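The values are calculated or read from the model by the stated rules, or taken from the named source; none is laboratory data. The structure presented is a predicted model; accordingly, all values stated were derived computationally and were not measured. Using ideal geometry, Cβ is built from the backbone for each residue, glycine included, and neighbour counts are taken over all protein chains shown.
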Amino acid sequence: MPVLTIRQIGDPVLRTPASAVQDPTDSRIRTLIADMFATMDHASGIGLAAPQVGIGLRIFTWDVEGSRGAVINPQLELSGPPGFVPRAEADGQDAVVREGCLSVRGPVHGPVSRHPHAVLTGVDETGQPIREEAENLLAACFQHEVDHLDGTLFIDRLTGDRRREAMRALRSLETTP
C-alpha cells in the first residue's frame with residue numbers, strides 16, 4: 001500500500017466535482033481505498049477524499065473517534081441547525097475544532113459552520129450498502145469530505161475576518177521559497 005501524493009490547493013482536481021463510481025467492486029477501487037487509508041494514516045488525517053490524491057471519483061475514507069471506514073458514491077442527510085461549530089475534548093474540556101485540510105498546507109485553519117448531525121449512506125468496496133450516523137466531529141468530517149467530492153474546500157466556507165486571515169496565510173505560503 002503506497003502512500004500517495006496529496007494534491008494541494010491550486011490543483012484543478014480539487015475544484016472539479018468528482019464522478020460517480022460505476023463498479024464499486026472493481027479491484028482497482030479496493031486498491032485505491034487501501035492506498036487512501038495508508039496515505040491518510042501517514043499524514044495523520046481524519047479523512048481523505050479521492051480528489052485529494054488526484055482521482056476524480058466519489059470515494060472517501062475516514063478515521064474519527066473510533067469510527068473508521070470508506071464510502072463509495074456517498075450521500076449525506078444533514079440535520080440540526082446549520083451554524084454548528086464542532087467541538088472536541090482537549091485537556092478534559094470542550095474545545096472548538098479549527099478545521100483544516102491535508103490539501104491546504106501550513107497554518108491555514110478556522111472554525112467552519114457545519115450541521116451537527118449527518119447520516120452517511122453509500123456502498124463499500126464489496127458493493128454492500130453502508131449507513132453511518134454521525135454527530136459532532138464525525139458529522140463535520142463527513143461534510144468536509146463530501147465538499148471535496150463537490151469541488152469545495154473548507155476555506156470556501158470561512159467568512160469575514162477568518163476568511164481574510166486564511167487567504168492572507170495562503171498568499172504568504174505562495175511567496176515562501
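Take the residues in the range 93-115 that are in a strand (DSSP E or B) and within 15 Å of the chain's Cα centre (by Cα); name whichever of them is modelled with the highest pLDDT.
Looking at the filtered set, the residue picked out is CYS101.
Can you tell me which residues in the range 10-50 are farther than 25 Å from ALA139 by Cβ, in a helix (DSSP H, G or I) and free of Cβ contacts under 8 Å to residues at least 24 places away in the same chain?
If the condition is that a residue be farther than 25 Å from ALA139 by Cβ, in a helix (DSSP H, G or I) and free of Cβ contacts under 8 Å to residues at least 24 places away in the same chain, then PRO12, SER27, ARG28, THR31 are the ones that fit.
State whether the residues of the range 31-47 include one that is touching a Lys or Arg at 6+ places or on another chain (Cβ under 7 Å) and under 18 Å from GLY151 (Cβ atoms). Lay out the reasoning, then the answer.
Taking the range 31-47 as the starting set, the residues that turn out to be touching a Lys or Arg at 6+ places or on another chain (Cβ under 7 Å) are none.
No.
Please enumerate the residues belonging to the range 1-15 that are modelled with pLDDT of 95 or more, surrounded by 13 or more Cβ atoms within 10 Å (Cβ to Cβ) and β-branched (Val, Ile, Thr).
Those that are modelled with pLDDT of 95 or more, surrounded by 13 or more Cβ atoms within 10 Å (Cβ to Cβ) and β-branched (Val, Ile, Thr): VAL3, ILE6, VAL13.
Hey, can you tell me all the residues within the range 16-37 that are crowded, with 18+ Cβ neighbours inside 10 Å and over 25 Å from GLY106 (Cβ atoms)?
Within the range 16-37, VAL21, PRO24, ILE29, LEU32, ILE33 qualify.
Any idea how many residues of the range 124-155 are assigned to a strand (DSSP E or B), surrounded by fewer than 16 Cβ atoms within 10 Å (Cβ to Cβ) and not charged (D, E, K, R)?
Result for the range 124-155: 2.
ILE72: closer than 20 Å to GLU125 by Cα, in contact with a strand residue (DSSP E or B) (Cβ under 6 Å, 6 or more places away or on another chain), touching a residue at least 12 places away in the same chain (Cβ under 8 Å) and assigned to a strand (DSSP E or B), yes or no? Steps first, please.
Details: closer than 20 Å to GLU125 by Cα: yes; in contact with a strand residue (DSSP E or B) (Cβ under 6 Å, 6 or more places away or on another chain): yes; touching a residue at least 12 places away in the same chain (Cβ under 8 Å): yes; assigned to a strand (DSSP E or B): yes.
For ILE72, the condition - closer than 20 Å to GLU125 by Cα, in contact with a strand residue (DSSP E or B) (Cβ under 6 Å, 6 or more places away or on another chain), touching a residue at least 12 places away in the same chain (Cβ under 8 Å) and assigned to a strand (DSSP E or B) - is met.
How many of the residues in the range 119-177 are acidic (Asp, Glu), touching a residue at least 40 places away in the same chain (Cβ under 8 Å) and under 25 Å from ARG30 (Cα atoms)? Steps first, answer last, please.
Just the residues of the range 119-177 that are acidic (Asp, Glu), to begin with: 124-125, 132-133, 135, 145, 147, 150, 156, 161, 165, 174.
Right, trim to touching a residue at least 40 places away in the same chain (Cβ under 8 Å) and you get 124-125, 132, 145, 150, 165.
Then drop every residue that is not under 25 Å from ARG30 (Cα atoms), which leaves 124-125, 132, 145, 150.
Selection size over the range 119-177: 5.
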